[in-house]
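Chemist: The following block contains the structure, expressed as structure tokens.
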Amino acid sequence: LVVSSSGQVTTSGALAPGSYVTRGTTSDANGDQGKFFFNLIVSATTTTTTTTVATPLNQGPPVRASLNADASSSFSTQLVILGVIGPVTFTQTTGAPSLVVSSSGLVTTSGALAPGSYVTRGTTSDANGDRGKFFFNLIVRAATTTTTSTTSTTTATTAPPITLPAAFVVIGHAVAGRTVPLTITGLGFYGRPKVTSHAGTSVVVTRDTGSALYVRVYVRPGSRNGVFTFTLTFAGGQICHVRYVQRS
């Protein structure tokens, strides 16, 4: 049995009746790893195949969020596992009671939190017996304050919080006269939002994973190269922007 790098299984020639097994590993550009198993049973009259693929539960890079102290009591966000098909069960091991993670991966605060860094960790599992881990860090910032004295005035401001959904970077580039697949990375990508850009560019969302948005982008011929902006509009009215490159 010969397995190509794309997963095509072939035989090296006619096989005598019997059981033939091949095993190996899987990987993708995000660094996720897994295993595959394939068993070919050759009989005198029929051929039966059985395939089992083990998909890892991989949260990817650590997930973090930031907000002001006065908003911490109403904070919630949904953790997303990459590369998994089907429901995932989350089991929290640390971080309570400040942060509470439900079995479906919804993170909430138990009440108003003082400024500081709050971390929760735990494990993930699915019906196929796959296992993994999750990590979430919530940074609560102090509210903006102003201090005045007889000699000077100082205004202390906090860094702007990360508001979900948020777009980080576009993987790939658009090409005039062609349709190309691009990936928009970020957080809070659900419900396949509407994506728009400059005139002559059309975008179709093909898949969302919560932390990545997969799109197909068509640009009319003759459109100039440069740096442009995608606008993501979500069902709840949230809008975020991300810059991308268009070149030949």
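Chemist: So, in the stretch 1-18, how many residues would count as being surrounded by 10 or more Cβ atoms within 10 Å (Cβ to Cβ) and among the polar types (S, T, N, Q)?
Modeler: Final tally of qualifying residues: 1.
Chemist: For Leu113, which of the numbered conditions (1) open to solvent by 60 Å² or more (accessible area, probe 1.4 Å); (2) over 24 Å from Phe189 (Cα atoms) fails to hold?
Modeler: (1)
Chemist: Something else now. Quick check on my filter: what residues within the stretch 213-246 are surrounded by 15 or more Cβ atoms within 10 Å (Cβ to Cβ), free of Cβ contacts under 8 Å to residues at least 60 places away in the same chain and not hydrophobic (A, V, I, L, M, F, W, C)? Spell out how you get there, then give the answer.
Modeler: Within the stretch 213-246, the first condition is being surrounded by 15 or more Cβ atoms within 10 Å (Cβ to Cβ), and the residues that meet it are 213-215, 217-219, 223, 228, 230-232, 234, 240, 242, 244, 246.
Narrowing further to those that are free of Cβ contacts under 8 Å to residues at least 60 places away in the same chain: 213-215, 217-219, 223, 228, 231.
Scanning the stretch 213-246 gives Tyr214, Tyr218, Ser223, Thr231.
Chemist: Could we say that Leu182 is in contact with a strand residue (DSSP E or B) (Cβ under 6 Å, 6 or more places away or on another chain), more than 18 Å from Leu164 (Cβ to Cβ) and open to solvent by less than 80 Å² (accessible area, probe 1.4 Å) here?
Modeler: Values: in contact with a strand residue (DSSP E or B) (Cβ under 6 Å, 6 or more places away or on another chain): yes; more than 18 Å from Leu164 (Cβ to Cβ): yes; open to solvent by less than 80 Å² (accessible area, probe 1.4 Å): yes.
When the stated conditions are applied, Leu182 passes them.
Chemist: If you don't mind, another one. I'd like the full set of residues that are at pLDDT below 85 and open to solvent by less than 50 Å² (accessible area, probe 1.4 Å), limited to the stretch 119-135.
Modeler: Restricting attention to the stretch 119-135, the residues satisfying the condition of being at pLDDT below 85 are 126-135.
Across the stretch 119-135, the qualifying residues are Asp126, Gly129, Asp130, Gly132, Phe134, Phe135.
Chemist: Taking Gly210 as the residue in question, decide whether it is at positive phi and surrounded by 17 or more Cβ atoms within 10 Å (Cβ to Cβ).
Modeler: On the way: at positive phi: yes; surrounded by 17 or more Cβ atoms within 10 Å (Cβ to Cβ): yes.
In short, yes.
Chemist: Could you run through the stretch 233-243 and say how many residues are closer than 17 Å to Arg216 by Cα and in contact with a Gly (Cβ under 8 Å, 6 or more places away or on another chain)?
Modeler: The total comes to 1.
The values are calculated or read from the model by the stated rules, or taken from the named source; none is laboratory data. What you see is a predicted model, and the numbers here were worked out from it, not measured in a lab. We place every Cβ from the backbone using ideal geometry, glycine too, and count neighbours over all the protein chains shown. The protein model used for the area step is the full one, side chains on, heavy atoms only, and it has no ligands, DNA or RNA in it. Shrake-Rupley method; radii C 1.70, N 1.55, O 1.52, S 1.80 Å.
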